[in-house]
Amino acid sequence: MLTLISAWYVFPVSSRPIVDGAVMVDRERIIAVGTATELGERYPAARRVELREALLLPAAINAHTHLELTALEGVIPEGLDMASWILALLRARGALDDAALRASAEEGVRRSLASGVAAVGEICSAGQSVGPVVESGLRGVVYYELLNGDPAQADETLARGQARITRWRAEYPGARVRFGLSLHAPYTVSRPLIERTVAWCRGEDVPLCVHAAESPAETRWLLDRSGPIRDTLYAGIGRPADLEAAPGVSPMRYLRETGALDARTLLAHGVWVDADDLALVVESGAAVAHCPRSNTRLLNGRMPWADYRAAGVRLALGTDSLASSPSLSVWEEAAYAYILHAEAGERPAPAELLRLATLGGADALGLADELGSLEVGKLAALAWAPLTGASLAETATPERALAALLAGRFQPRALTPDA
């Protein structure tokens, strides 16, 4: 059945907004984008869904999250630095068995879908989010997390990850998600584990993700093995902190030296970087998932937005988990980023953040041919935002309406058939 979906303002993302616009959908694919009048005349027999005073948008892409940790919402106190937070997280997560982790992931999937998310970059450590993500119809990548700082155990750790991927491929043939590996962070995985994982992922075309340059403590650890990573995290878990010599370079430089930037890698956070670091990221083709609310809560500071924009880094948005973020809404993440960077004098254009929330995320997860924009041939994964209570000034133009959305005035949601 052909369905014509129209709204005051349609935002294709890949092209300019359309006033009194519409999208024509045939089953699950977009077959036309234009004005409501034009498409109505071209397809007079189509079923009509008239959203009227609303914005019509591509569904959001959450490029970085941990849905297994949804149950930890509000559990970990605020005001902890990164190393202390990780210790608290490990203790809280240790209290959840597999059944609880699966239920946690199921709730995370439900919230993601309700907020208008079509795909996720999901990182799991127990494998309990795989079933809920696959069964929900979400697209994206599920990364199995590797975490082991002992060089002597690199092969064993990688083998566990390889076995997980082999198992999931067999259990979920035809899944809409790909299965990948996540090297947790430069301070929790050994150099041999990084190098061997990268080589395998590149050879087998397996997606790779790494938390990188998230905190100043991470940079300090890599420079000389000092600071909170050693004194709080490693001391707290009773692990030796001197199994490898410090590389003496920044996180991005270290990842480049180990090859970890060169596998079309998705990097999470990327807060503590300079111009040289960003040049390495651009040269490698890696993408960065910006998670501003988690960065703020964990006292990690603000990504240098203007530097990223000037360098031309491939950027996406991620919510991180509810253990460090207030919601799984990418739209709320975009609104926070808009305000955060504007207050710092680096005001993003609303269209830039809309792209990060949609097409940027699709690109980062290798889904740009299917999702992220309203274009002919792409999946009809849509979100909409009713302009309830909006003033004339806020909605006089598409640009003003989008700015109001990113100021938190309107909340996009999933577009259901009975919308």
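What follows draws every value from the coordinates through simple rules; no lab data is involved. Since the structure is predicted, the reported quantities are computational estimates derived from the model, not experimental observations. Positions of Cβ are backbone-derived with ideal geometry, glycine not excepted, and every protein chain shown enters the neighbour counts.
In a fully extended conformation the segment linking Asp307 and Gln411 would gain 34.6 nm over its present Cα-Cα distance, using 0.36 nm per residue.
Could you let me know the centre-to-centre spacing of region 145-165 and region 319-373, using Cα atoms, in angstrom? So the two Cα centres are separated by 31 Å. In this calculation the C-beta distance from Val249 to Gln153 is compared with R0 = 25 Å, giving a FRET efficiency of 0.55.
When the chain is treated as a GNM with alpha-carbon contacts under 10 Å, the residue of Glu346, Glu332, Glu107 showing the greatest mean-square fluctuation is Glu346. When region 60-364 is described by a simple charge dipole with +1 on each Lys and Arg Cβ and -1 on each Asp and Glu Cβ, the residue from Leu138, Pro348, Pro77 located farthest towards its positive end is Leu138. Pair-distance distribution of region 200-303: all C-alpha pairs, bin width 10 Å, starting at 0; shares per bin in whole percent are 15, 42, 35, 8. Each of the peptides 406-414, 217-225 was scored by the mean count of other Cβ atoms within 10 Å over its residues; in descending order, highest first, they stand as 217-225, 406-414. In region 106-229, the alpha-carbon atoms span a convex hull of 117 Å³ per residue. With bins 5 Å wide beginning at 0, the percent of Cα pairs of region 1-144 falling in each bin runs 2, 9, 15, 15, 13, 11, 9, 8, 7, 6, 2, 1, 0. DSSP beta bridges fully contained in the chain are about 35 percent antiparallel. Within the listed set Gly174, Gly360, Gly121, the Gaussian network model of the chain (springs between alpha-carbon atoms below 10 Å) gives the highest mean-square fluctuation for Gly174.
With a cut-off of 15 Å between beta carbons, the residues surrounding Val142 carry a summed charge of +1, where Lys and Arg count +1 and Asp and Glu -1.
Kirkwood Rh over alpha-carbon pairs of region 297-419, then Stokes-Einstein at 37 °C and 0.692 mPa s: what D in µm² s⁻¹, rounded to an integer? Using the Kirkwood radius from Cα pairs, D works out to 209 µm²/s.
Taking the number of Cβ atoms within 10 Å of each Cβ as an exposure proxy, the fewest-first ranking of Asp262, Asp98 is Asp98, Asp262. Would you calculate, for the chain, the mean residue ellipticity at 222 nm contributed by helices, counting each DSSP H stretch of 4 or more residues as -39,500 (n - 2.57) and dividing by all residues, to the nearest 500? Calculated at 222 nm, the ellipticity per residue is -10500 deg cm²/dmol. Value of Rg to Rh for region 1-72, rounded to two decimals, is 1.13; Kirkwood radius and Rg both from alpha-carbon coordinates. Equivalent-ellipsoid semi-axes for the chain (Cα gyration tensor, √(5λ), whole Å, largest first): 38, 23, 19. This model, with +1 at the C-beta of Lys and Arg and -1 at the C-beta of Asp and Glu, gives the chain a dipole about its Cα centre of some 540 debye. Here is the size of region 244-343 from its Cα atoms: Rg then Dmax, 13.8, 42 Å. For region 193-233, a crude dipole built from +1 on the beta carbon of Lys and Arg and -1 on the beta carbon of Asp and Glu, taken about the Cα centre, is about 120 debye to the nearest 20.
Remark: region 4-44 carries a charge dipole of roughly 120 debye about the Cα centre, counting +1 on each Lys and Arg Cβ and -1 on each Asp and Glu Cβ.
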